[in-house]
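Notes follow the structure.
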Amino acid sequence: MFPLPSAPRRTWTAVGALLLLAALTALVALPRTDRDASARQHGAPTEITDDGGIPWPGEGQAAVTLEGSGQVLTHGAQRPVPIASLTKVMTAYVVLTGHPLRPGEEGPRIEVDPQAAHEAGVGGESTVVVTPGDRRTERELLHLLLLPSANNIARLLARWDAGSEEAFVRKMQRAARDLGMRDTTYTDASGIEPTTTSTAADQLKLAREAMRLPVLRDIVATRETTVPGVGRVANGNTLLGTSGVVGLKTGSSTPAGGNLLWAAKTDGTHLLLGAVLHQRANTTPAEGLTAALEASRTLIDGLRARPRTQGSEG
């Protein structure tokens with residue numbers, strides 16, 4: 001098996017990157033007891049910087065990992081940048097941690113308050129129209145949070161969970177700290193604030209945990225659905241159903257550029273997780289998101305092809 005590097009960061013040639021990806025695949029193919037022993041031996045996931053051989057985005061930053069491998073491959077400076085609506089993955093994670101749902105369960109009904117209704121269509125944000133006094137289930141609100149990326153629903157869920165958005169943000173920050181996201185700062189529940197920042201490597205730490213929640217995993221894989229009282233809503237992640245993509249979340253704004261936190265199947269079992277951040281920043285949200293989706297598709301297709309070319313099973 002390919003040995004783990006002796007230092008936490010190291011620059012790899014194209015050949016080294018190929019060997020690393022083959023090693024990641026081989027590690028996941030091990031029996032679980034062997035993988036667990038390896039994880040105990042080597043501790044937290046190792047970040048390795050790669051500068052060649054992988055079809056990385058030409059700008060911004062990115063990171064990828066094969067679930068269970070214990071390795072994270074990074075590209076570009078891993079410095080905190082605005083992440084826009086990728087923030088909502090943490091919002092959903094905190095809500096589901098405090099109010100877990102079983103597969104198929106709708107959860108408690110949550111009353112739409114006047115503030116959430118008033119915020120619809122205000123300020124050019126991504127929102128959905130809701131009616132004050134309506135009672136929507138937790139699962140319905142999570143669909144509105146993660147598919148059309150409704151900022152007013154993010155704040156509504158924050159108030160429902162913690163009493164105020166400020167108190168909820170403190171819970172988000174504690175969750176980030178518990179997940180080892182040392183370069184992440186949450187200042188709001190929706191990501192509209194440019195002071196909510198993170199790195200691609202940090203977002204993978206969240207993605208690993210988020211995809212372990214069956215309800216969240218099911219929602220982010222949904223292309224479109226109908227929410228009573230709202231109507232049909234579509235997922236902004238247009239890569240779903242292509243290139244093995246089964247999630248996770250888009251995010252775009254002028255300061256953040258385009259961002260995509262994604263999960264793609266390498267075969268019937270294993271997940272390749274990735275984050276592409278800060279594409280075409282300071283242009284328009286639409287331009288940035290298009291760039292992030294295109295860069296992610298190229299990266300995913302290139303990575304999914306490599307283990308097969310190396311003769312590995314992943």
So how many residues does the stretch 73-95 have that are assigned to a helix (DSSP H, G or I) and small (Gly, Ala, Ser)? 3
Is it the case that residue 182 is without any contact (Cβ under 8 Å) to a residue 40 or more places away in the chain, within 19 Å of the chain's Cα centre (by Cα) and open to solvent by 20 Å² or more (accessible area, probe 1.4 Å)? yes
Which pairs have Cβ atoms under 9 Å, sit 6 or more apart or on different chains, and link a residue in the stretch 271-286 that is on the phi > 0 side of the Ramachandran plot and assigned to a strand (DSSP E or B) to one that is of a type in the set (Val, Ile, Thr) and surrounded by 21 or more Cβ atoms within 10 Å (Cβ to Cβ)? 278/81; 278/83
Hits in the stretch 140-176 (condition: in a helix (DSSP H, G or I), open to solvent by 10 Å² or more (accessible area, probe 1.4 Å), in contact with a strand residue (DSSP E or B) (Cβ under 8 Å, 6 or more places away or on another chain) and closer than 23 Å to residue 236 by Cα): 140, 143
Only residues that are open to solvent by less than 20 Å² (accessible area, probe 1.4 Å) and more than 18 Å from residue 210 (Cα to Cα): list them for the stretch 77-100, please. 81
Could you tell me whether the stretch 226-235 includes any residue that is in contact with a Lys or Arg (Cβ under 9 Å, 6 or more places away or on another chain), modelled with pLDDT of 95 or more, farther than 30 Å from residue 104 by Cβ and in a strand (DSSP E or B)? no
I'm trying to understand the selection: among the residues of the stretch 143-189, which are within 24 Å of residue 117 (Cα to Cα) and among the acidic types (Asp, Glu)? 161, 165, 166, 188
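Kindly check whether there is at least one residue in the stretch 187-196 that is open to solvent by less than 40 Å² (accessible area, probe 1.4 Å), under 24 Å from residue 110 (Cα atoms), touching a residue at least 12 places away in the same chain (Cβ under 8 Å) and touching a Pro at 6+ places or on another chain (Cβ under 9 Å).
Yes, the stretch 187-196 contains a residue that is open to solvent by less than 40 Å² (accessible area, probe 1.4 Å), under 24 Å from residue 110 (Cα atoms), touching a residue at least 12 places away in the same chain (Cβ under 8 Å) and touching a Pro at 6+ places or on another chain (Cβ under 9 Å).
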Out of (1) surrounded by fewer than 24 Cβ atoms within 10 Å (Cβ to Cβ); (2) at pLDDT 95 or above; (3) more than 14 Å from the chain's Cα centre (by Cα), the one residue 221 does not meet is (3)
Do we find that residue 137 is farther than 16 Å from residue 88 by Cβ and either out of contact with any Gly (no Cβ under 7 Å at 6 or more places or on another chain) or touching a residue at least 40 places away in the same chain (Cβ under 8 Å) (or both) in this structure? no
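The values are calculated or read from the model by the stated rules, or taken from the named source; none is laboratory data. Being a predicted model, the structure only gives us computed values, none of them experimental. Here the Cβ is made from the backbone with ideal geometry for all residues, glycine too, and neighbour counts use every protein chain on show. For accessibility, only protein heavy atoms count, side chains too; no ligands or nucleic acids. Shrake-Rupley method; radii C 1.70, N 1.55, O 1.52, S 1.80 Å.
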